[in-house]
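Heads up, the thing below is written out as structure tokens.
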Amino acid sequence: MQEDRLIIRGIEFKSRLWVGTGKYKDLEETRRAVEASGADVVTVAVRRVNILDRNRENLLDYIDPKKYKILPNTAGCYTVEEALRYARLAREAGISDMVKLEVIGDERTLFPDVCGLIKATEILAKEGFIVFPYTNDDPITAKRLEDAGAAAVMPLGAPIGSGLGIRNPYNIKIILETVKVPVIVDAGVGTASDATIAMELGCDAVLINTGIAGARDPLKMAEAMKHAVIAGRLAYLAGRIPKKLYASASSPLEGMLI
């Protein structure tokens, strides 16, 4: 697996599991879960978690930026202008040139505003940001985001926080065939098998927050997700056997001495 490296815009990522930092009971539990996950990418909602004011309790006192790649996100932004503002604030504070871009279109479903997302991606990419847009599982949208300058595309597996798993694996598969940039499943993963399915499809990484933070034991679930992503990636690289309607003996009679 050492030769199977994930590199995006010249940045090497050690883990294909990326984790969020919302919904934990406190920052100490956040720290412990991130550590248990083995992830080296940690997303932070700039609007909701303090990473900008060092005079108040700050997530970066628990998640060391020297150890982890901090990926600011624009969660909770419903307009292009809001998303641009928070992305720029994070970069000006010296957090990162990377941004997980969200432009939400609906408060109930938290589905993205596709038009706004494409527009914001284009603007931020021109400003030198490394943009990771959260999008729906539409291959056309994924291609347009790639054309707009996205460094990767992040299609949802299911609605944010739903835990429904990969609801439309066929669309994810088409996205993988449509774009040349990495594909990172974001949202909907509820348990380890969901993460494995995403990786077995050929996705480059999985981003998980609620599936870990909302588990009865977040630390155990974080470790489970770590192993699930590794197993799914190995299975994808190994190549599964073809599906058949009828049995095929594992010890065939051909060539045997009777």
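The values are calculated or read from the model by the stated rules, or taken from the named source; none is laboratory data. If you're wondering where the values come from, they're calculated on a predicted model, not measured in any experiment. Cβ placement follows ideal geometry from the backbone for every residue including glycine, while neighbour counts extend to all protein chains displayed. The accessibility values were calculated without ligands, DNA or RNA, using every heavy atom of the protein model including side chains. Shrake-Rupley method; radii C 1.70, N 1.55, O 1.52, S 1.80 Å.
The table below lists the values:
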{"item": "Matching residues in the range 158-187 - criterion: being assigned to a helix (DSSP H, G or I), out of contact with any Gly (no Cβ under 8 Å at 6 or more places or on another chain) and among the aliphatic types (A, V, I, L, M)", "result": "I174, I175"}
{"item": "Looking only at the range 22-48, and only at residues there that are β-branched (V, I, T) and either open to solvent by 40 Å² or more (accessible area, probe 1.4 Å) or under 17 Å from A90 (Cα atoms) (or both), the one that is modelled with the lowest pLDDT", "result": "V46"}
{"item": "Yes/no for M225 being within 18 Å of N168 (Cβ to Cβ), in contact (Cβ under 8 Å) with a residue 60 or more places away in the chain and either part of a helix (DSSP H, G or I) or open to solvent by 30 Å² or more (accessible area, probe 1.4 Å) (or both)", "result": "no"}
{"item": "Residues of the range 171-194 satisfying the condition of being of a type in the set (D, E, K, R) and at pLDDT 95 or above", "result": "K173, E177, K180, D194"}
{"item": "Meets criteria (over 21 Å from A142 (Cβ atoms), open to solvent by 90 Å² or more (accessible area, probe 1.4 Å) and free of Cβ contacts under 8 Å to residues at least 40 places away in the same chain) for A247", "result": "yes"}
{"item": "Test: residue in the range 189-199 that is touching a His at 6+ places or on another chain (Cβ under 8 Å), closer than 22 Å to D40 by Cβ and surrounded by fewer than 23 Cβ atoms within 10 Å (Cβ to Cβ)", "result": "yes"}
{"item": "Flag for N171 being touching a Lys or Arg at 6+ places or on another chain (Cβ under 9 Å), open to solvent by less than 50 Å² (accessible area, probe 1.4 Å) and of a type in the set (S, T, N, Q)", "result": "no"}
{"item": "The range 202-220, subset within 17 Å of G165 (Cβ to Cβ) and without any contact (Cβ under 8 Å) to a residue 40 or more places away in the chain, residue surrounded by the most Cβ atoms within 10 Å (Cβ to Cβ)", "result": "C203"}
